[in-house]
C-alpha cells in the first residue's frame, strides 16, 4: 500500500492562533493536525493518544530554548519531535538534536516543503525504533545461546559482538573492539589468508551464505577452533551492506577428531590383529594385521558379521561370550576362525 494512503497524525504545540492556522494550511491530507496550546497538556494526551510526530514551537511560555524538550516529556515519547524556532535558536540546534529532537526548523523559512520534512522525520524515527527492536532481539538471542553472535557493517567496518565473546574468548568488555581490525588481529596467522579469501569471495560474488573454520585468539594468548557461519544482507539493489553470523566453539570436537585420528593410526599400524564390532556383531574397523590373519583385506571385512568367520561348532559359544562382554565389559573365550582359503586358525 502506498504511504500516501495513510493518515499521519501531527500533534502541533503552538499558542499563536495565526501561526497555528498558517501551519495547518501547509499540512493538508494525509496529515491530520491536532492542536495543543500547552506542552504539559500535550504530553499527557500523547501518552493516551500517541501521534506520529510532535511539531512544537520554541516560543511557548516556559518552554523556550532547551526547556522545550523537558516540557513536552521527551523521554516518554516514542514519536519524533520537530521544533520550530527563529534564526536566533539556530545556535541551539546541535544540543537540541543531541537531546532527542529530530530537527529544528526556522519559522521564517517554513514553506510547502514542510510535509516532506515531516515525512522524513517520521521515517527516520521508525527506522531508529526498528533498529532498537532488532538490537534487543539480538541481545535476547545471544543470551539464549552459547554461540557468539556478530554483526559486521560492511560500509563502516564496525562490528557488534554479543556478550558471549567475553566469556568464550576471555576478554573484558573494555578489551572487545568494535572495528574489523580487532577481529582480524585475533585470527591465527596461518588461517587468515584462507579466512579472508573465502569471505571476500562470498561478498563479491553475490552469494549470501558463508562458513569457515579457523582459530581465534583468546585473551590469555591461547587459540580456540571455531566454526563461523555468516549471512550477507543486501540492500534493495543487491549490494552487500551487512554480514551477520555466529561463532561456535569447535575445540572439543577438534580434540576428539585428533584423538580419533591417533587411535586410527595405532589401529591401522599395530602388529597385532585388532578389530572393533558393533552391537549387532558387524565389523566396524579392522586393521591390516587382523585382515591378513584371515586372508582378507580390511575393506573385505568391514560391514560383515564376525560370526561368518568362525568355525560352525564355535559360533554359539562365541555369541554367548560376546553377550557377556557387552554386559560386563570383559569375556574370555577361545574359538577357531576360518580363513579365506578354508583353513582353520585358533584365536
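When 315, 137 are arranged by Cβ crowding within 10 Å, least crowded first, meaning fewest neighbours, the order is 137, 315. Against the empirical 2.2 N^0.38 Å (N residues), the chain has a Cα radius of gyration ratio of 1.78.
By the count of neighbouring beta-carbon atoms within 10 Å, fewest first, 188, 204 end up ordered 204, 188. Answer rounded, prolate or oblate for segment 24-127, using the Cα gyration tensor with square roots of eigenvalues a ≥ b ≥ c: rounded when a/c is under 1.5, else prolate when a/b is larger than b/c, else oblate. Rounded. One Cα centroid belongs to segment 74-107, the other to segment 1-52; the line between them spans 16 Å.
Evaluating kT/(6 pi eta Rh) at 37 °C and 0.692 mPa s, with the Kirkwood radius of segment 272-346 over Cα pairs in the Stokes-Einstein relation, gives 260 µm² s⁻¹. For the peptides 126-135, 11-20, 26-35, the ranking by mean Cβ contacts within 10 Å, running from highest to lowest, is 11-20, 26-35, 126-135.
Using the empirical formula 2.2 N^0.38 Å as the baseline, the Cα radius of gyration of segment 145-254 reaches a ratio of 1.04.
Only beta bridges with both residues in the chain are counted; by DSSP, about 70 percent of them are antiparallel. Estimated at 0.36 nm per residue, the fully extended path between residue 197 and residue 111 surpasses their Cα-Cα distance by 25.7 nm.
Taken together, the values in this text are just the output of simple stated rules run on the coordinates, not laboratory data. Being a predicted model, the structure only gives us computed values, none of them experimental. Note that we place each Cβ from the backbone using ideal geometry, even for glycine, and neighbour counts take in every protein chain shown.
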